[in-house]
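Heads up, the thing below is written out as structure tokens.
Every number in this text was worked out from the coordinates using simple rules, so none of it is lab data. In this text the structure is predicted, and so the values were computed from the model without any measurement. When we count neighbours, we look across all protein chains shown, and the Cβ atoms used for this are built from the backbone with ideal geometry, even at glycine.
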Amino acid sequence: MPRVLTFKVNIETGKQGPNETVNFCFNGHKMPFENVTGSNESDAIFEGSFDVNSFAHSLTLVGPEKGKWNVEKVTVDYECEGEKPYVVKWGAVTLDETTEMNLWQDPPAPMFDV
């Protein structure tokens, strides 16, 4: 379990977006993103980041407080202590007040020639 220094999300919203604050849960703590650009309105792009500086047990994207959020694509850039930066991409999902999307993925295993 690596220490996450920072992570940045890029979220493409589909036909239905809640137009409200985008939140995530890191290790069970619900927080809004920092350094935000764009929005989560329909057919919009949201970008946000957060300087975590903590070990990752879980990381989820939280659904809206009311209504539905059609997410078309999510890209997360991770910077973890002692690891090369890496990127993870996910496809479409619909979130609501009862759902969260798992965003955490461990760094890729080291690769070497044999």
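Just a few scattered comments:
- Residue within segment 82-92 that is under 19 Å from PHE46 (Cα atoms), touching a strand residue (DSSP E or B) at 6+ places or on another chain (Cβ under 8 Å) and of a type outside the set (A, V, I, L, M, F, W, C) present: yes
- Scanning segment 91-102 for residues that are in a loop (DSSP other than H, G, I, E, B) and without any contact (Cβ under 8 Å) to a residue 60 or more places away in the chain yields GLY91, ASP96, GLU97, THR98, THR99.
- Within the set GLY14, GLY67, the sole residue that is touching a Pro at 6+ places or on another chain (Cβ under 8 Å), among the small types (Gly, Ala, Ser) and in contact (Cβ under 8 Å) with a residue 12 or more places away in the chain turns out to be GLY67.
- Filter result (polar (S, T, N, Q), outside any strand (DSSP E or B) and surrounded by 15 or more Cβ atoms within 10 Å (Cβ to Cβ)) within segment 39-90: SER39, ASN40
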